[in-house]
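A.B. asks: Structure below; questions to follow.
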Amino acid sequence: MRCREPIIVAGLAALLATPALGQEFGREATLEEIALWDVDARPDGSGLPPGRGSVADGRELYATHCAACHGEKGEGGPNDRLVGGHGSLDSSTPVKTVGSYWPYATTLYDYIHRAMPYFDPGSLTPDETYAVAAYILNMNGIVPDDAELDAAGMAAIEMPNRHGFIPEPEFAPLLPEATKARD
Amino acid sequence: MNKLSPPASAAGEESALSRRKLLSIGSGSVAGGLVAHPAIAGSLADVPPRAVGDPVGATSERSTFVDLARITEATPGKRNVDPLDAINSKTPLHKLDGTITPSDLHYERSHSGIPALDPKTHRLLVHGMSARSLVLDVGDLRRMPSISRMAFIECSGNGWENWKNDDDTLTVQHTHGLVSTHEWTGVRLSYIAGLVGRDPSSRWMLAEGGDASGMARSIPMTEEILGEAMIAYAQNGEPLRPAHGYPMRLLVPGWEGNLSVKWLRRLRFGDRPFYTRWETSRYTSLMPDGKARQFQLRQEVNSVITSPSGMMEIAPGYNRITGLAWSGHGAISKVEISTDAGRTWQEARLNAPVLPKAQARFQLNWHWDGKPTFITSRATDEKGHVQPTREALIGQMGKNALFHYNGQQIWRVNAEGSVRHALS
C-alpha cells in the first residue's frame, strides 16, 4: 500500500495538468452543429460557402441594406467609408477603406457575413453576400461592372494593398511560409 | 534594488517632507483649487455632529461625495459623445488608487454593443486541428481546475490622442483610460487545449465572440500565450459583468485587449492566421511609407503620472506625484520621474506588490518651486525595455499608426499651478 502512494499522487497531478480525453466536461460536437457556427473564410477561399452573386444584384442589395449607413456610393454615410483612398496610405491623411487598405477580398465576405448589416447580421444569403461584396469591390474599381463572384473568384482577387502588411517578426516563424520551409 | 521595498532614500525624504508640511500648515499658506494640500477646516466645533446612518443593505453604494465614471469616445478628438455614437468608454485613472480597477469602471470597447447572454443557453465550441470537438458551458468551466491572476487589459488604441495634436483640455482619462487591471479567474487555455487533444502543429487559434459582430481574432500559439491565456468567468471575485464578457471571455495577459475576446463562443485551432477584419482593416499600424505592421500584438512598456495630471491645479510646496506603470513583457522594474523637463530623473517608489503584466503604482515626493516646468515618467520592465520618448516613437512609427502608443506622457505645469497636457 505504502509504496503505491507516490504513484497515486503522480497520477493525480497528471490528471490535473493534462486531462484524459474522457467525457468529464461538455459533450462532443456534431458535424452538423459545427457547420452552423464555422463561418470563417480564409484568403485561400477555404470556408467560403457555395453560391455566387453579381455586381448588378449587389448594387440593389447595397442600396436597400447598406447605403443608409455607408453612403450611396460607399462614402459620405454616418459609418465607415468603404470606397476610395487609393494612394493615400503614405500621406499625412491616410484614408483606409476596403479598396485602399484591405489585403484580402475573402475577409470582406467573411466580415459582411458575420457582422453586416449592422442590426441584422447573417440575414443575407450566401448569394446576396457575394453580390454585395462584388458591388463594393466594383465601386473600388477592383472588379468590372459585369463581374459575378463565387468562392474561387473571391480567392483569386489580388487586392491593391495585398502586400501592404508586414507581420511582426516575433510571429513570422509561425506563418505558413516559414513553417513550410522548416517542416 | 528590490522592487518590493522602498528605496533607501525614502525614509529621509519622508522626514524632510513632514517638516516642510508642518511649516506650510503652520504659516497657513493655502491657495485655491489644490490637489495636494487639504483645505484647512475651521474649528473642530464646525464638524457636523455624528448621526445614525442608513441600515445595512444588499450592496454597497459609493459615497454621494464621490464622483466616479467612465467617459465615452468615438475616435481621437471625438470625446464625451452620446453613448450611441461611442466605440469605447475610458477609466478615470486620475480618481483611482492602488492598482485594481473597480469592476464597474474597467474600460469598455465593443464592436456591436453588449449582448445579454444567458448562461443557460450560451455555449463554447472548441474545434479545428484537434482530436475531438467539444461543446462546453459555464458550468463545465466552473467544474474545471481554476486559476486566478492579476492582469491588465489594454486597448491597443490607448494613447491614440497623443499621435497628432496637442490639446490643453485632455485629462489622463482621455489619454490613458483604455487600460485597467483586475483579478481574473478562469480555466487555463492549455487545459481546454488538452481536453480536445489540440494538434501541436496548430500554430494559430481563432477566438470568436458571441456578440452580434462575431468579433474574431487569430491568436498565435506561442509557449508564452499557451502558458498564460485563460478562459475567464470572473472578475475581481464576481461573475464577469456583461460589458466585460459575461458569461465567459478569453484573457491573453500582456497582449492587445482585442485578443481577449469577450462573450467567447468559439475557439478553432488552425495552422495559419485567419485574417479577420480586426487584424487587417483594424488593429494594424500604418507607418510613414504606407505599409502597416500586422500582428503587433504585445502591449509595450508604458507609464503615466495620474496625479498631478491634465486639468488639475497644484500649489507651490509639497506635492505627491503618483501614477501607474505596466508592461506586456512582464513586471515593472523601475519608474523614473523627471520634474525638470527631462533634464534629471529620480527613481520613484513602487508600491508592493509589483506583479507581471499588471499595473504597478508608483509615487514620489516633490517640492514644486512655483516655476513653470514639465513633469514626466519613464518605466522600465524586467526584460529591460524602456518606455520611449514621444520623439523616438514617432521617429520609428510616424504619426498615422493609431495603435500602440507608449511614449512618455508629459504634463506641463504653468506658473499658476495649472497642469496641462503637452506633447513636447
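A.B. asks: Is it true that A:I136 is surrounded by fewer than 21 Cβ atoms within 10 Å (Cβ to Cβ), touching a residue at least 12 places away in the same chain (Cβ under 8 Å) and more than 10 Å from chain B (Cβ to nearest Cβ)?
C.D. replies: no
A.B. asks: Identify, from the list B:S146, B:S218, B:S201, the residue that is closer than 29 Å to B:G330 by Cβ and in contact with a Leu (Cβ under 8 Å, 6 or more places away or on another chain). First the steps, then the outcome.
C.D. replies: Numbers: B:S146 fails: in contact with a Leu (Cβ under 8 Å, 6 or more places away or on another chain); B:S201 fails: in contact with a Leu (Cβ under 8 Å, 6 or more places away or on another chain).
Within the list B:S146, B:S218, B:S201, the selection yields B:S218.
A.B. asks: Could you count how many residues in region B:386-401 are open to solvent by 10 Å² or more (accessible area, probe 1.4 Å) and closer than 25 Å to B:T101 by Cα?
C.D. replies: So the count comes out to 1.
A.B. asks: Also, quick follow-up: Across region B:145-178, what is the total count of residues that are crowded, with 19+ Cβ neighbours inside 10 Å and either at pLDDT below 95 or touching a helix residue (DSSP H, G or I) at 6+ places or on another chain (Cβ under 8 Å) (or both)?
C.D. replies: Within region B:145-178, the first condition is being crowded, with 19+ Cβ neighbours inside 10 Å, and the residues that meet it are B:151-163, B:170-178.
Then keep just the ones that are either at pLDDT below 95 or touching a helix residue (DSSP H, G or I) at 6+ places or on another chain (Cβ under 8 Å) (or both); that gives B:153-156, B:158-159, B:161-163, B:170-178.
Adding up the residues that qualify gives 18.
A.B. asks: Please work out which residue is nearest to B:S180 (Cα to Cα), limiting yourself to region B:140-158 and to residues that are within 14 Å of another protein chain (Cβ to nearest Cβ) and among the basic types (K, R).
C.D. replies: Ranking the qualifying residues of region B:140-158, first place goes to B:R142.
A.B. asks: Go through region B:278-308 and give me each residue that's at the interface with chain A (Cβ under 7 Å from one of its Cβ atoms), surrounded by fewer than 24 Cβ atoms within 10 Å (Cβ to Cβ) and without any contact (Cβ under 8 Å) to a residue 40 or more places away in the chain.
C.D. replies: Scanning region B:278-308 gives B:S281, B:D289, B:G290, B:K291, B:Q294.
A.B. asks: Related question: Within region A:146-168, can one find any residue that is more than 21 Å from A:A41 (Cα to Cα), away from chain B (no Cβ under 14 Å), modelled with pLDDT of 95 or more and not in a strand (DSSP E or B)?
C.D. replies: For region A:146-168, residues more than 21 Å from A:A41 (Cα to Cα), away from chain B (no Cβ under 14 Å), modelled with pLDDT of 95 or more and not in a strand (DSSP E or B): present.
A.B. asks: Out of the residues in region B:241-259 meeting the condition of being assigned to a loop (DSSP other than H, G, I, E, B) and touching a Lys or Arg at 6+ places or on another chain (Cβ under 6 Å), tell me which one is farthest from the other protein chains (Cβ to nearest Cβ).
C.D. replies: Keep residues of region B:241-259 that are assigned to a loop (DSSP other than H, G, I, E, B), which gives B:241, B:245-248, B:252-254, B:256.
When the remaining residues are screened for being touching a Lys or Arg at 6+ places or on another chain (Cβ under 6 Å), the result is B:245, B:253-254.
Details: B:G245: 18, B:P253: 16, B:G254: 12 Å.
The residue in question is B:G245.
A.B. asks: If I ask for residues that are free of Cβ contacts under 8 Å to residues at least 24 places away in the same chain and not in a loop (DSSP other than H, G, I, E, B), which ones from region B:366-414 would you list?
C.D. replies: Of everything in region B:366-414, those that are free of Cβ contacts under 8 Å to residues at least 24 places away in the same chain and not in a loop (DSSP other than H, G, I, E, B) turn out to be B:A392, B:L393, B:G395, B:Q396.
A.B. asks: If I filter region A:65-74 for residues that are of a type in the set (D, E, K, R), surrounded by 15 or more Cβ atoms within 10 Å (Cβ to Cβ) and at pLDDT 95 or above, do I get at least one hit?
C.D. replies: So in region A:65-74, the residues of a type in the set (D, E, K, R) come out as A:72-73.
From the residues that got through so far, the ones that are surrounded by 15 or more Cβ atoms within 10 Å (Cβ to Cβ) too are none.
No: zero hits.
A.B. asks: Taking B:A232 and the conditions (1) within 14 Å of another protein chain (Cβ to nearest Cβ); (2) touching a residue at least 40 places away in the same chain (Cβ under 8 Å), which numbered condition does it fall short on, given that it satisfies the others?
C.D. replies: (1)
A.B. asks: Let me ask another. How do the strands (runs of 3 or more DSSP E) wholly within region B:79-140 filter down when requiring 1 or more residues that are modelled with pLDDT of 95 or more and polar (S, T, N, Q): which remain? Steps first, answer last, please.
C.D. replies: Values: elements: B:88-90, B:124-128, B:134-136.
Once the strands (runs of 3 or more DSSP E) in region B:79-140 are filtered for at least 1 residues that are modelled with pLDDT of 95 or more and polar (S, T, N, Q), what remains is B:88-90.
A.B. asks: Please go through region A:149-180 and give me each residue that is open to solvent by less than 20 Å² (accessible area, probe 1.4 Å), touching a strand residue (DSSP E or B) at 6+ places or on another chain (Cβ under 9 Å) and without any contact (Cβ under 8 Å) to a residue 40 or more places away in the chain, ordered by number.
C.D. replies: A:F171, A:L175
A.B. asks: When only residues in region B:203-219 that are closer than 16 Å to A:Y118 by Cβ and in contact with a Pro (Cβ under 6 Å, 6 or more places away or on another chain) count, which is most open to solvent (accessible area, probe 1.4 Å)? Walk me through it before giving the result.
C.D. replies: Pass one, region B:203-219, residues closer than 16 Å to A:Y118 by Cβ: B:209, B:211-215.
After this cut, where a residue has to be in contact with a Pro (Cβ under 6 Å, 6 or more places away or on another chain) as well, the list is B:211-212.
Working: B:D211: 13, B:A212: 47 Å².
That would be B:A212.
A.B. asks: Under the condition of being open to solvent by 60 Å² or more (accessible area, probe 1.4 Å) and over 24 Å from the mean Cα position of the chain (by Cα), which residue from region B:346-379 is nearest to B:H182 (Cα to Cα)?
C.D. replies: Out of the qualifying residues, it is B:H367.
The values are calculated or read from the model by the stated rules, or taken from the named source; none is laboratory data. Note that the structure is predicted; figures quoted are calculated from it, not measured. Cβ coordinates were reconstructed from backbone atoms using ideal geometry, including for glycine residues, and neighbour counts include every protein chain displayed. These accessible areas exclude ligands, DNA and RNA; they are computed on the full protein's heavy atoms, side chains included. Shrake-Rupley method; radii C 1.70, N 1.55, O 1.52, S 1.80 Å.
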